[in-house]
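The values are calculated or read from the model by the stated rules, or taken from the named source; none is laboratory data. Note that the structure is predicted; figures quoted are calculated from it, not measured. The accessibility values were calculated without ligands, DNA or RNA, using every heavy atom of the protein model including side chains. Shrake-Rupley method; radii C 1.70, N 1.55, O 1.52, S 1.80 Å.
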Amino acid sequence: SSEKKINDAKGDTSSIISSNPLLAPSIAKHISACQTHEGGFGAEPHNEAHGGYTFCALASLRILNAVEEIDVDNLRGWLARRQMGYEGGFCGRTNKLVDGCYSFWQGGAMAVLDEWDRGATEMKGGGSEMIEGEREKKEEEYEEELDEEEEWERSEISFDEIMLQRYILLCAQDVNGGLRDKPSKPRDFYHTCYNLSGLSVAQHSSRLWLADDIANESGDDSCLNRIFGDVTVNIVGRTDPVLNIRVERVEVMLSQHF
């Protein structure tokens, strides 16, 4: 599948790392050192955990195949606590207000972590490959495809995707177009971008929506992710959560350069 090709390419970075000193093991170690006692990441060691830095740190570690260098459980807990129980959106730091842009910075980080966790589970013995020289590579990958029912059962995303979609569509969306931080705030391009990016994560990360699924006359959506409101109006394109680029563009990039 296209998703498997993308994940395989993310997992095979040894040739890139060996030719690029910017991807040396010390980079992953520095990023890992920025994880705080709360579980998120700051801009540098001993800084306060922040949603934007947390996503950038985790996505970088995912590209470097170095996620196992960090305290994953502590990170997952910090991310889970950032979703606001009443509003449904995310805040960026402890004891801060909800902000639409963190729909992606926090929601996207959770999607990256879930995707990595599922991939690690599919490896024999658990865990994913690290940068060459950091850990012994697994001799074999688990290649047996899980049946469809089992895949859906274990592919739930680790936040309330309906609540997040509701916040984005009902609170962050401006009636005159564009999206914003929160009601009473002005719309802008930055918040429009990351609200929509978070909306894509909430709609697509745990279960895939395809054009054929939307047109399914049977109305059976039991194997699909939950969409808030009218599917034909509210659904957006699917993006890769690590790169925040449409998946079809990622496939073209990988086919040309890897």
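Show Leu23, Leu75 ordered by accessible area, largest first, where the area counts protein heavy atoms only and the probe is 1.4 Å.
Result of the area sort, largest leading: Leu23, Leu75.
In the full protein assembly as shown, how much of Glu251 is accessible to a 1.4 Å probe, in Å² to the nearest 10?
Per-residue accessible area (Glu251): approximately 70 Å².
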